[in-house]
Each structure stands twice: as C-alpha cells, then as structure tokens.
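The values are calculated or read from the model by the stated rules, or taken from the named source; none is laboratory data. Everything numeric in this text was worked out from a predicted model, so none of it was measured. Positions of Cβ are generated from backbone atoms using ideal geometry, with glycine treated the same way; all protein chains shown enter the neighbour counts.
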Amino acid sequence: MSTAQTVSAYQAPNRPGNPVQYQDMTREEACRVSSADKAMISVDRLQVAYPETPVLKGVSLKVKAGEFVFLQGKSGSGKSTFLKILYRDIEDFSGDVMIDGRSIKEMPRYMTRRIVGTIFQSFELLDRKTALENVMLAGEVIGRQKAEIHAEALLLLDKVGLKGKEHRFPHQLSGGEQQRVAIARALLNRPKILLADEPTGNLDPENAINILALLKEINTQDGITMLIVTHSEELVRAFPARTIVIKDGVILESESVTLLSR
Ligand SMILES: Nc1ncnc2c1ncn2[C@@H]1O[C@H](COP(=O)(O)OP(=O)(O)O)[C@@H](O)[C@H]1O
Ligand SMILES: [Mg+2]
C-alpha cells in the first residue's frame, strides 16, 4: 500500500483539539504530525492488587504518540492486568494513569474505549456473525450510522487483507484471518491507541510474523500508538522496537533492544 496515498476517513484518527485537517494530508504527513513528542500513555506509580495478591507495585511509564512498544514479562507478572487498567476492565488502582493527556479517573469508560482499541490472543469474534458483521458491531454499539460503518468496515477488511472474505463466518477463516478481523474491528472507531494482549499466541510462526507486520504497517501509516504483549523473542527480534518488561511488579526497560531500534 502506498504511503503517498491520501489519508481517508478511517486512516486518520480524530484527534480532538488538533485543528489539522488530516483529510488533506498524505499518510506520511499525518504520521509526522501524530508522532510529535506528546505522551499518549502516561502512568505514574501505578499499584494494582487482587485480593491478597499485589501485582503491580509502582509502575511508571510513558509511551509517546505513535510509538510501537513491546511489553514482556513472565507469565503471571501482570501484563494483562496492566492492559486491563488502560482499557478500563479493572477500575481499582492507585497512582496516576493518563491517556491522550487526560486522567482516566476523570474520563467516562466509554470515552476511554473510544481512544483505546484492543485485540486478544483468542480473537473474541462472535461465531454467528460474519467478518463484516463482527467489524460493524463495534460501530453499532456506540450508535454510529450504519451506512458509514458499513463502508468503513469494508475498507478496513480490505486493508487487513480480507477482501473477498467479508461474508465468511469465523469458523470459515484461519486463525491469522480471524485475528485480522479483530484488528479491523479494533480500528473501526479510529482509536489512538491499540493494545494487543498476546495477539499471536494462537498462531503459527509464519502467521505471527504476518500479523506483527500488519500491526507495524498500521502503526507507521496511521500513527496509532501500539503496546503489544508478546512472549516471542523471535517477534521482538524481527521487529526491533522499544521493549519494556514487567518484573516483580515494576517496569524494566530492555536497553539492548531499545538500542537496537535506534
Ligand atoms: N481476577 C483475578 N483475581 C485474582 N488474581 C488474579 C486475577 N487476575 C489475575 N490474577 C493474578 O495476578 C497475577 C498477574 O496476572 P496477569 O496480569 O494475568 O499476568 P500475565 O498477563 O503477565 O500473565 C497472577 O498472579 C494472576 O494469578
Ligand atoms: Mg496475560
């Protein structure tokens, strides 16, 4: 896909307060604007505990607008818990969590979920809905106009490589294709942030690489900030990027990987 193509509606996330007319810009220009030095995610001294289990013990982290970041850590270290705080699945925490410059404590949950899209290891598609219907549903639940979301869902399914498979049900799609539907669904409401919790955990190595390549392409073209949980060292090596690690309830940065990406 050419980066010189003009940015269309779904490729240009609405950025409230930003007067720039993205429609009139190329993707490259839109990307440069979006990757200004602003923190899209800013977490300060975050503490989260389940009953009798402290999990995050003072996590501080900034992710810049347009950044692509891997999140690693042993099983049970709190990676999913961290993402759940950001997409408001867990509301009980102490410390400060800001997304897009605002504290999530002062933001209604629906607004957070407009800003933050999510994908998961298990895809979480509805079995009885087609690929197109699964993607459109994300727009229907927030009351967007059907004609608009129909057109955008078709464009997104094309973008993720599923042209011609729009009317298939999940069981008629491979795992990699199902994850592509989930990515299209996550993008429909033009999030500024995409959180991915082990998005390739159920995929073979070749599909895993292809899904990561798609995410990287979307990050580069559309400037969507991405935080990706993965266990796979192979993926981290294949897509050198800033890598943070949760260990013993706090964040460590992996210097070697960070240096590689510079
Ligand atoms: N709903 C819950 N109730 C109690 N403990 C939980 C709950 N969810 C997760 N935990 C515990 O919190 C820790 C972190 O879990 P999680 O964030 O899922 O880790 P990760 O995603 O890194 O594997 C684990 O010890 C897990 O058992
Ligand atoms: Mg997890």
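Would you mind listing the helices (runs of 4 or more DSSP H) fully within segment 54-151 where at least 3 residues are within 15 Å of ligand 2 (Cβ to nearest atom) and buried (at least 19 other Cβ atoms within 10 Å of the Cβ)?
Where helices (runs of 4 or more DSSP H) fall fully within segment 54-151 and carry at least 3 residues being within 15 Å of ligand 2 (Cβ to nearest atom) and buried (at least 19 other Cβ atoms within 10 Å of the Cβ), they are 79-86.
Considering only residues that are in contact with a Pro (Cβ under 8 Å, 6 or more places away or on another chain) and assigned to a loop (DSSP other than H, G, I, E, B), look in segment 233-262 and name the one that is modelled with the highest pLDDT.
Applying the filter and picking the extreme gives Gly249.
State yes or no: is Asn207 part of a helix (DSSP H, G or I), polar (S, T, N, Q) and touching a helix residue (DSSP H, G or I) at 6+ places or on another chain (Cβ under 7 Å)?
So Asn207 fits the description; yes.
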- Residues Ala147, Ala208: which one is small (Gly, Ala, Ser), more than 21 Å from Ile115 (Cα to Cα) and touching a Gly at 6+ places or on another chain (Cβ under 9 Å)? Ala208
- Task: Scan segment 196-208 for residues that are out of contact with any Phe, Trp or Tyr (no Cβ under 6 Å at 6 or more places or on another chain) and either within 16 Å of ligand 1 (Cβ to nearest atom) or in contact (Cβ under 8 Å) with a residue 40 or more places away in the chain (or both) and jot them down.
- Result: Ala196, Glu198, Pro199, Thr200, Gly201, Asn202
- What are the residue pairs meeting all of these: first residue in segment 77-89, first residue on the phi > 0 side of the Ramachandran plot, second residue among the hydroxyl-bearing types (Ser, Thr, Tyr), Cβ atoms under 7 Å, and 6 or more apart or on different chains? Arg88/Thr112
- Message: Looking only at segment 214-248, filter to residues that are within 16 Å of Ile193 (Cα to Cα) and among the acidic types (Asp, Glu); which one of those is surrounded by the fewest Cβ atoms within 10 Å (Cβ to Cβ)?
- Response: Glu217
- Query: Consider Ala182 against the criteria (1) surrounded by 20 or more Cβ atoms within 10 Å (Cβ to Cβ); (2) part of a loop (DSSP other than H, G, I, E, B): it satisfies all of them except one. Which criterion is unmet?
  - Reply: (2)
- Item | Subset of segment 184-202 that is within 16 Å of ligand 2 (Cβ to nearest atom) and out of contact with any strand residue (DSSP E or B) (no Cβ under 7 Å at 6 or more places or on another chain) - its residue that is farthest from Lys163 (Cα to Cα) | Gly201
